[in-house]
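Here's the structure, in structure tokens; my notes come after.
Where a number appears in this text, it was derived from the coordinates with a stated rule and is not lab data. All values reported here derive from a predicted model rather than from experimental measurement. Counting neighbours? That spans all protein chains shown, and the Cβs are built from the backbone with ideal geometry, glycine included.
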Amino acid sequence: MIVSTYQPFFAPFPGFFLKADLSDVMVILDDVQFPQRTTWITRNRFKNDQGTLWITIPVWRKGLGLQKIKEVSICPEGNWRKKHLVSLKTSYANAPYLKEHLDFISEIFAEKFDKLIDLNMDIIQYLKKHLMIDTPLVLQSSLGIKGKRSELLIEICRKMGSSDYLAQRCAEKHFDHELFSRAGIKLHFLTPLTPIYPQLWGEFIHNLSALDLLFNCGPKSHEILCYERDLK
């Protein structure tokens, strides 16, 4: 059984779901420290007539010190929800499959979520369903496992009964290969190729949110996502 992990990004890029598709189970790292700097957990890129469109979810940070990802609360102040919804509707008004997903997009920016993890997981599960990825997702917090770096990942593999762990090739240098070897866990590395697909607004932009793929390609999105793989 191949296990992989990922932090719960906001509206993740296609590579997130390709990694899930190549795994038997993906563990979402919600019980690790929330980054103090700019992070993909709170923002992602879309596309409009000006090029890149950033959508950011404001969260409470001030005076809270170090937080676990699962503890982070969304800041309800301001009109950012309405602004983001209008931006997406305007930017993708001519996308072939936007209408099929408008109800969900409207729901995202309704005052439904207090915790960032709940918002992000709702989007991730929606994308997983419509990209036809069957791999189950498990929250780290549900496993009762804590730790850092390679030790944490090894403990996750042990908890899941796996001797195979899948990671991105670009992160290979950050792994303690000897530690994994002693634990009897084989490391596999993925170099995801960016899927090229029809986009609105001119020149193609790589690695936007997978919602961009879904709005533009609808039911063909899975075939486009999984067309080319590089797993070693």
inquiry  = In region 154-176, whose amide N lies under 14 Å from the spot 7 Å out along Cα-to-Cβ of residue 182? List them in ranges.
reply    = 154-155, 176
ask   = Is region 1-118 rounded, prolate or oblate when judged by the Cα gyration tensor, a ≥ b ≥ c being the square roots of its eigenvalues, rounded requiring a/c under 1.5 and prolate requiring a/b larger than b/c?
value = oblate
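Could you order the peptides 172-182, 24-34 from most to least packed, using the average number of other C-beta atoms within 10 Å per residue?
24-34, 172-182
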message = Out of the trypsin sites (Lys or Arg not before Pro) in region 42-138, which ones are loop residues according to DSSP with at most 15 other C-beta atoms within 10 Å?
response = 61, 62, 112
Cα shape, region 104-148, gyration tensor, a/c 1.5 rule = oblate
message = With an 8 Å Cα cut-off and a minimum separation of 6 or more residues, compute the relative contact order for the chain in percent.
response = 30
inquiry  = Below 8 Å, C-alpha to C-alpha, sequence gap of six or more: please give me the relative contact order for region 180-226 in percent.
reply    = 33
task = Considering the options 162, 196, 215, tell which one lies farthest towards the positive end of the dipole of region 148-221, charges being +1 on Lys and Arg and -1 on Asp and Glu at the Cβ, about the Cα centre.
result = 162
key: Where a label projected 7 Å from the Cα of residue 24 along Cα→Cβ would reach, residues of region 157-173 with amide N under 16 Å   = 157-167
task = Mind checking the full-extension length gain between residue 89 and residue 193? Use 0.36 nm per residue of separation minus the Cα-Cα distance, one decimal, nm.
result = 34.6 nm
inquiry  = Rounded, prolate or oblate for the chain? Axes are the square roots of the Cα gyration tensor eigenvalues, ordered a ≥ b ≥ c, and the cut-off for rounded is a/c under 1.5.
reply    = oblate
query = For region 67-88, list residues with backbone N below 11 Å from a point placed 7 Å from the Cα of residue 39 toward its Cβ?
reply = 67-73
remark   = With +1 at each Lys and Arg Cβ and -1 at each Asp and Glu Cβ, the charge dipole magnitude of region 2-225 around its Cα centre, to the nearest 20 debye, comes out at 520
task = Quickly estimate the mean residue ellipticity at 222 nm for the chain, helices only: each DSSP H run with n ≥ 4 gives -39500 (n - 2.57), and the total goes over all residues, rounded to 500.
result = -9000 deg cm²/dmol
